[in-house]
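S.K.: Can you keep this structure in mind? I'll have questions shortly.
The values are calculated or read from the model by the stated rules, or taken from the named source; none is laboratory data. Remember, it's a predicted structure, so these values are computed and weren't measured experimentally. Positions of Cβ are generated from backbone atoms using ideal geometry, with glycine treated the same way; all protein chains shown enter the neighbour counts.
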Amino acid sequence: MTPSAPKHRASVSESPLLVPLAKSKKLAALRHSSQPPDVQKPAPSPRVPHGRGLHDSMAAAKIQVDARIAEIIAAYPQGKQQKLFALRYGTPESLRQMPFAAVFARLQIAKPAQFSHIAHLNYWGEDTASPDSGKGG
């Protein structure tokens, strides 16, 4: 018999993750995509400009944008819908930050009457033409 080789014991230890969960964009994207659409992010309350005509125009524009986004997403294969939409048009959240004029052009939506009054506003009624837009205070 030959002498047996010395036996080595393996030790298992747990090491910290290379990238913290909070800083990983890929893990955040996976968590975000695994949530149902209704739970992902509640829409902030709209800041609608004064005037009933503007309110009606914005409401109609929002309906058109949401309907077009849903129509485009439904045309893509199941499981790839959000990713393919984001590659071509940007995420729905990023579209809602853009002025209506840019969104209607990007999604190829016919502009409604009185569109010039809301063309510079985003989905939430914020004026995107002003330099202070999007900043608190």
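S.K.: Going by the structure shown, is residue 92 modelled with pLDDT under 90, on the phi < 0 side of the Ramachandran plot and not aliphatic (A, V, I, L, M)?
M.R.: Here the answer is no, as residue 92 does not meet what is asked.
S.K.: Taking the conditions exactly as written (touching a Pro at 6+ places or on another chain (Cβ under 7 Å), assigned to a helix (DSSP H, G or I), modelled with pLDDT of 90 or more and not charged (D, E, K, R)), does residue 69 satisfy them or not?
M.R.: Yes.
S.K.: Mind listing whichever residues of the stretch 74-91 are surrounded by 14 or more Cβ atoms within 10 Å (Cβ to Cβ) and of a type in the set (A, V, I, L, M)?
M.R.: 84, 86
S.K.: Considering only the stretch 92-127, how many residues are surrounded by 12 or more Cβ atoms within 10 Å (Cβ to Cβ) and in a loop (DSSP other than H, G, I, E, B)?
M.R.: 14
S.K.: Give me a count of the residues in the stretch 54-66 that are surrounded by fewer than 15 Cβ atoms within 10 Å (Cβ to Cβ) and either outside any helix (DSSP H, G or I) or β-branched (Val, Ile, Thr) (or both).
M.R.: Residues in the stretch 54-66 being surrounded by fewer than 15 Cβ atoms within 10 Å (Cβ to Cβ) and either outside any helix (DSSP H, G or I) or β-branched (Val, Ile, Thr) (or both): 1 in total.
S.K.: Right, next: Take residue 135 and tell me if it is surrounded by 15 or more Cβ atoms within 10 Å (Cβ to Cβ), at pLDDT below 90 and of a type in the set (D, E, K, R).
M.R.: The answer is no for residue 135.
S.K.: Determine whether residue 5 is surrounded by 10 or more Cβ atoms within 10 Å (Cβ to Cβ) and modelled with pLDDT of 65 or more.
M.R.: no
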